[in-house]
Each structure stands twice: as C-alpha cells, then as structure tokens.
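Written below as structure tokens is the structure these notes are about.
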Amino acid sequence: MGDFVQALVFTIAGIILLWFGYSLFFSPSSPFYPGWTPWSKWGKKNNGRGRPGDPQVCPICSMRLDKGELVKSFAFSSQKGVSDRLMYIRGCFTCLERDVPRRCPICGLELSLDDYLVARMFERPNSRNHVHVLGCNHCKNLGKLIK
Ligand SMILES: [Zn+2]
Ligand SMILES: [Zn+2]
C-alpha cells in the first residue's frame with residue numbers, strides 16, 4: 001500500500017512539474033514564448049495567412065483575422081447620395097502588436113506602424129461591406145496620421 005501511495009505522489013508531482021514547464025514556456029508573458037502554443041491549432045489565435053483582399057484578411061500583413069476581430073480603421077462619415085466612403089486602415093491586432101512584415105498591397109512598400117492604407121468602403125445593406133484598398137500613404141502621397 002505504501003508503494004502505491006508513493007507512486008501516486010510521484011505521478012501527481014510529475015504532472016504538476018510538466019504543467020509548470022508548459023506554462024513557463026508557452027504563456028504569452030514568458031520570455032521564452034515562441035509565439036505559438038501546442039494547442040493554438042484549437043485555440044482562438046489561429047492566424048493563418050490569406051490573400052490580401054480576401055474577406056477577413058488584414059490587407060497590410062495578410063494575416064487571417066479571427067471571427068469578430070477587426071482591423072483598426074477610421075471611416076469618414078458618408079456623404080448624402082454616395083454609397084461608398086473613404087477609410088484609413090492602420091492594421092490588425094497582429095501587425096500592430098507583433099513584429100510581422102507590414103506591406104502595402106498596391107505598391108509593395110514596407111509600412112511602419114505610423115503608415116496606413118487608404119481604402120474605399122462600399123456599404124451594402126444586405127451583405128458584408130466591401131473594402132477596396134486604393135494604396136498607402138506613400139503611393140497615394142498622403143502625410144502621416146496625426147495622433
Ligand atoms: Zn495586419
Ligand atoms: Zn503603397
């Protein structure tokens with residue numbers, strides 16, 4: 001009986017140690033965090049690459065967006081009788097918070113965190129809004145955003 005209890009204690013201690021090891025290496029606050037977790041396949045942050053212009057894909061870093069996640073953008077209020085409005089796209093959570101390449105899908109220039117894309121948003125009452133990227137502040141000859 002004593003042997004059994006000892007084995008049980010060792011097993012539990014082993015599981016706790018394993019769990020500690022995992023959370024040490026795979027928690028986002030850990031300095032060893034590799035940017036992914038073994039279970040990220042099933043987790044929320046399942047960012048795969050998509051093609052720029054696809055729905056739910058960030059036009060700057062071409063990362064697929066999570067359901068409900070939006071690119072950081074600023075849309076101008078629409079004028080009367082005009083079905084589309086101008087918007088500035090600053091990027092998504094991934095390319096604003098992490099070190100991933102940011103590029104303009106039109107001119108291919110690398111964008112800094114202060115750069116943005118200019119796009120036209122077509123509001124369609126019965127379906128998803130359509131966003132047409134025109135270019136970035138460099139190829140559209142616009143200044144930097146004033147914060
Ligand atoms: Zn992005
Ligand atoms: Zn550009």
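Please find the FRET efficiency linking Asn141 to Ser78, where r is the Cβ-Cβ separation and R0 is fixed at 22 Å, and quote it to the nearest 0.05. Mind dumping the intermediate values first?
Numbers: r = 24 Å, r/R0 = 1.08.
In this case the efficiency is close to 0.40.
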### Query
What is the spin-label model distance, in nm, from Arg120 to Leu96 if the labels are put 7 Å beyond Cα along the C-beta direction?
2.5 nm
### Message
If I model a spin label at Ile16 and Glu110 as a point 7 Å from the Cα along the Cα→Cβ vector, what separation in nanometres do I get?
### Response
4.8 nm
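Taken together, the values in this text are just the output of simple stated rules run on the coordinates, not laboratory data. None of the values given here were measured: they were computed from a predicted structure. Every residue, glycine among them, receives a Cβ derived from its backbone with ideal geometry; neighbour counts consider all protein chains shown.
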